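Structure record follows, encoded as structure tokens.
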Amino acid sequence: LSGLTKLICFLLLTSAVMFSYDLRVILAIMAFSIYLLWLSRIKWSQIRLMVIYVLIFLITNAVISFFFAPEQGVSIYGTRHEIVDLWGRYALTWEQIFYQVTKFFKYASVIPLGIIFLLTTNPSEFASSLNGIYIPYKAAMAVALTLRYFPDIQRDYHDISLAQQARGLARAKRDSAMR
């Protein structure tokens, strides 16, 4: 697929997930995106750290969104079935749990799509595709340069980490434990 085709598919599937609260649709797209990730043959070592950060973000997001809007699920679904009264205005309801689970899967289903898009798209091809749909050349080249910069950052981090390990710094234990 061309870079533009990948972008259009990414945007369409992401939009379908974001506009839907139907868990069946979200889980179907999630299964499809995981299948595409498997099909793309991206190595786990390439995406492990990114997946860990995303999981930390998703869990933090779920906790914080419950504390800021503990009745969001009730307002969306229009019913209230309380499980347990926690304290003050905080009560755990089935609607809130369903809302939190749905939101978790919404975010989690677009992550594999983003990973596929970033790791399988040649930046030059993508810039050419953007220019082909009349996006200004300067903007297309800025996107291409940005996409080219990510592997450089990863390589520099890895080189610095190896240099520090060679010097025997304490970080070497933590980095080797993560591998």
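Worth a mention:
- Measuring nothing but protein heavy atoms, the accessible surface of the chain at 1.4 Å probe radius is 69 percent carbon and sulfur.
- Angle of helix 3-19 to the longest C-alpha principal axis of the chain, folded into 0 to 90 degrees and rounded to 10: 10°.
- Amide H to amide H distances under 5 Å link residue 91 with 86, where only residues 5 or more positions off or on other chains count and H is placed in the peptide plane.
- Karplus-derived 3J(HN,Hα), 6.51/-1.76/1.60, for each residue of the stretch 34-44, Hz, glycine and proline x: 5, 4, 5, 5, 5, 5, 6, 6, 6, 6, 4
- Cα gyration tensor category, rounded, prolate or oblate, for the stretch 1-58 with a/c compared to 1.5: oblate
- Percent of C-alpha pairs per 5 Å bin, the chain, short to long: 1, 7, 12, 13, 14, 13, 12, 11, 8, 5, 3, 0, 0
- In this structure the stretch 1-131 gives 59 Å² per residue of accessible area when probed at 1.4 Å with all protein chains present.
The values are calculated or read from the model by the stated rules, or taken from the named source; none is laboratory data. Note that this is a predicted model, so its numbers are computed, not measured. Ligands, DNA and RNA are stripped out before the accessible areas are found, and what is left, the full protein with its side chains, is counted by its heavy atoms. Shrake-Rupley method; radii C 1.70, N 1.55, O 1.52, S 1.80 Å.
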